[in-house]
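Scroll down for the structure; my scribbles are underneath it.
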Amino acid sequence: MGEKVFAPWTDPNETPLIQFKNVTKRFGEFTAIDNQTFDIYEREFFALLGPSGCGKTTMMRMLAGFEAPSEGTILLGGQDIAPIPPNKRAVNMMFQSYALFPHLSIWENIAFGLKRDGLPKEQIAARVEEMLKLTRLEKFARRKPHQCSGGQRQRVALARSLAKAPKLLLLDEPLGALDAKLRQDTQFELMDIQEKTGTTFVIVTHDQEEAMTVASRVAVMDHGKIIQADTPARIYEMPGSVYVADFIGDVNIIEGRATPAGDGYDIAFAEGEPALHAKSDKKLQAGSTAYLAIRPEKVRISTERPDDLPNVVRGKILDIAYLGNLSTYHVRLPNGQIIKSQTANTRRLSNRPFTWEDEVWLGWTDTAAVLLEG
Amino acid sequence: MRRLTLIAVPYLWLLALFLVPFLIVVKISLSDTALAIPPYTPELDLREGWAGVKEFLAGLDFENFEFLASDDLYWRAYLSSLQIAAISTFLTLLVGYPIAYGMAKAPEHWRPTLLLLVILPFWTSFLIRVYSWMGILATEGYLNQLLISIGIIGEPLTILNTNVAVYIGIVYTYLPFMILPIYSSLERLDGSLLEAAEDLGCSRFSAFWLVTFPLSKAGVIAGSFLVFIPALGEFVIPSLLGGSKTLMIGKVLWEEFFNNRDWPVASAVAVILLLLLIVPIILFQRNEQKQREAEG
């Protein structure tokens, strides 16, 4: 308690480190970035998340200086960076392929940027040692990149891009080449290093779990636009659109007609089914199409009709996805809609009260679902 | 067993077509000249059995090698060959590197065409191409006509029958051998390495010297050997384009063999040339080996 939550984007007095102002980027006919305006703050770990071809890499390459915006301006610390070539920017990038120089040792790779700045030898050596220590590579300093494992190469790439103490570090799918286990460890290492160095990180990824784990804010992108930029928790719990709800994690989307009722809306979604109630402070027109987005883990499954929940539907178990710690039940309602319900397997599998083809009840609270406009 | 057979075939091939003839050359180099057919003595007569072999071995000596060492014509020919081969290798590199670089940077759909253009000259006889250079470089040749007609020079330049013509001929002939290995090493170069270099503060120019060039070094070395080794023993180009002052060991060898009909001395010249070439060939092999290890 008492510790201030890191959220500079909520403070109107805070000046952002990076400002995109009406930035558009076109490649011929193709619009890669469509009139985007947003801010990134100092010490942030900002994730650009989206499917391939959504423009996230273009966004990063414009920050690095390898692409220039077709329209609009990008400010770094209040200064327009358009006229500054990549080799003069206080921005460094960690490449997806790592782009380590194969003819140089790990030590020389890390020293590469420092040498270009013409620093004195002792200073370079001290900084390289510092970086080697930070990334736990001291033992490998003399090796060439091809003599290192994938995880070590990833750390070399990180050390090299951090060596010049950039104001902003760009990471292009930094963990893409690592296997799942190593990726998890490296995510935490990355967060740790970001915290230690206090550098602003912008990471590009298509892996939502990775973005959620490391980032202070996640920007979900599609077709050259940021659909929503917010903290991982808010993106997950309060998606602003069906696209974001669907892209992040698993979700049930129920389409229906909204009528105001009490402190929210009743959603009529099928003939012969009771309307579903969701609390919401959105202003919807009566009778307009609306969507309910409900996370599977917020749908409770039971053999008996639950009495304490305002939203109850009945269906038949179509499929069970057993993930070890969790099970996801795919339940088909009489109208054909499939609702997923996820429960933790806190008991032995043999004690599971329901199985395929069983009739079950699904229920959720009136705050579980997020009401989204059509 | 199948592996062994597979390896044995090329080795037997090399043994039959390279080692055996070479041993014959070595043997001739240790013999003496004779007015006979073949024009050297002694000859191995196996009908006389062990005594014949003994007599044969007694007839061999290092006289020809001593002769080569004593006559400075040969030393000067070897040195001048080394010099001409080295200079023309360097010139080929200067011309070939930018071409290979341009090819590797060209749009991908252009590259097969450019590659074809590089090897296109091989579709015509090498001899014809060298002869056509005589037509270009002669005092009354196309080059002089062109230069005079556009007024750059008043008097025709003497290029043919000088070392300059030899350099032009060697650079022209061996250019593809320089371009191809350099191109292949440049084409493999990951473009993000250059972006990384720029990102870390390099200008385009320094990125070339610090990243592109070192990474194409293996190609440069391979290309240089592929030019240097055949250029050292080159005979056709100096004898057609070079003058009387162009001293190259290939030419000396030819004259010993056909003009003087001194097979033993000619063989000795060839053996020493081979010994000279073994050094760069071994260096070349080691470079290839190192390259493979680095990639492995």
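Here, each number is a calculation from the coordinates, and none is a lab measurement. Quantities reported herein were computed from a predicted structural model and do not represent experimental measurements. Cβ: placed from backbone, ideal geometry, glycine included. Neighbour counts: every protein chain shown.
Here are a few things to note about the model shown:
- 3J(HN,Hα) along the stretch B:266-271, derived from phi through the Karplus expression 6.51 cos²θ - 1.76 cosθ + 1.60 where θ = phi - 60°, amounts to 4, 5, 4, 4, 5, 5 Hz, with x in place of Gly and Pro.
- Of A:LYS167/A:LYS225; A:LYS56/A:LYS298; A:LYS164/B:LYS290; A:LYS225/A:LYS282; A:LYS56/A:LYS167, those spanning more than 29 Å from alpha-carbon to alpha-carbon: A:LYS56/A:LYS298; A:LYS164/B:LYS290
- The GNM of chain B, with springs linking C-alpha atoms under 10 angstrom apart, assigns the highest mean-square fluctuation among B:LYS105, B:LYS251, B:LYS54 to B:LYS54.
- Couplings 3J(HN,Hα) for the stretch B:227-237, derived from phi with the Karplus relation 6.51 cos²θ - 1.76 cosθ + 1.60 (θ = phi - 60°), are 8, 5, 4, x, 5, 4, x, 4, 10, 5, 5 Hz, where x marks Gly and Pro.
- Most mobile listed residue (A:LYS340, A:LYS225, A:LYS283) in chain A, GNM with C-alpha springs under 10 Å: A:LYS283
- Stretch gain in nm, segment B:LEU35-B:LYS217, where the contour uses 0.36 nm per residue and the Cα spacing is subtracted: 60.3 nm
- Residue among B:ALA266, B:ALA165, B:ALA197 with the largest mean-square fluctuation in a Gaussian network model of chain B, springs linking Cα atoms under 10 Å: B:ALA197
- Charge dipole of chain A about the Cα centre (unit charges at C-beta), most positive-ward option of A:LEU169, A:VAL242, A:GLY336: A:LEU169
- Angle between chain B longest axis and helix B:72-105 axis [Cα atoms, degrees, rounded to 10]: 30 degrees
- A Förster radius of 41 Å combined with the Cβ-Cβ distance from A:GLU195 to A:GLU122 puts the calculated FRET efficiency at roughly 0.90.
- Using the rule -39500 (n - 2.57) for each DSSP H run of four or more residues, divided by the residues of chain A, the 222 nm mean residue ellipticity is -6500 deg cm²/dmol.
- Simple label model, 7 Å out from Cα along Cβ direction - A:SER149 to A:PHE6, nm: 2.8 nm
- Helix A:180-197 vs. chain A, principal-axis angle (Cα, 0 to 90°, nearest 10): 60 degrees
- For A:ASP222, the residues 5 or more places off, or on other chains, whose built amide H falls under 5 Å of its own are A:ILE227.
- Principal-axis tilt of helix A:106-116 within chain A, Cα atoms, nearest 10 degrees: 70 degrees
- Under 5 Å, built H, 5+ apart or other chain: amide partners of A:ASN345: A:LEU326, A:SER327
- Taking a point 7 Å from the Cα of A:ARG314 along the Cα-to-Cβ direction, the residues of the stretch A:258-277 with backbone N closer than 13 Å to it are A:273-274.
- Tail fraction, Cα-Cα pairs, the protein assembly as shown, threshold 43 Å, whole percent: 52 percent
- Charge tally around A:MET131: other residues with Cβ under 12 Å, Lys/Arg +1 each, Asp/Glu -1 each, net +4.
- Pairwise FRET efficiency - A:ASP307 versus A:ASP263, Cβ, R0 = 22 Å, nearest 0.05: 0.55
- Stretch in chain A that is longest and holds no GluC sites (Glu not before Pro) that DSSP places in a loop and that have at most 14 other beta carbons within 10 Å: A:30-270
- Computed [θ] at 222 nm, helices only, for chain B once each DSSP H run of length n ≥ 4 contributes -39500 (n - 2.57): -22000 deg cm²/dmol
- Cα-based shape type of chain B, given that a ≥ b ≥ c are square roots of the gyration tensor eigenvalues and the cut on a/c is 1.5: oblate
- Residues A:LYS167 and A:LYS279, FRET efficiency given R0 of 60 Å [Cβ-Cβ distance, rounded to 0.05]: 0.90
- Cut-off under 5 Å, modelled amide H: who pairs with A:ASP266 long-range: A:THR259, A:ALA261
- Spin-label proximity, A:ARG348 to the stretch A:314-334 - amide N less than 19 Å from point 7 Å beyond Cα toward beta carbon: A:323-327
- Placing unit charges on the Cβ atoms of the charged side chains and taking the dipole of the stretch A:8-245 about its Cα centre, the candidate lying farthest along the positive direction among A:GLY78, A:LEU158, A:PHE188 is A:LEU158.
- Spin-label pair B:SER70/B:SER244, simplified geometry with 7 Å Cα→Cβ offset, distance in nm: 2.7 nm
- Peptide A:97-107 is shielded by partner chain Cβ atoms: per residue, an average of 5 of them sit within 10 Å of its Cβ.
- Zone of B:PHE257's modelled label, taken as backbone nitrogen in the stretch B:33-66 under 19 Å from a point 7 Å along Cα→Cβ: B:33-34, B:36-41, B:64-65
- Estimated vicinal HN-Hα couplings, Hz - the stretch A:212-223 in sequence order (Karplus 6.51, -1.76, 1.60; Gly, Pro = x): 5, 5, 8, 8, 7, 9, 10, 10, 8, 10, 7, 6
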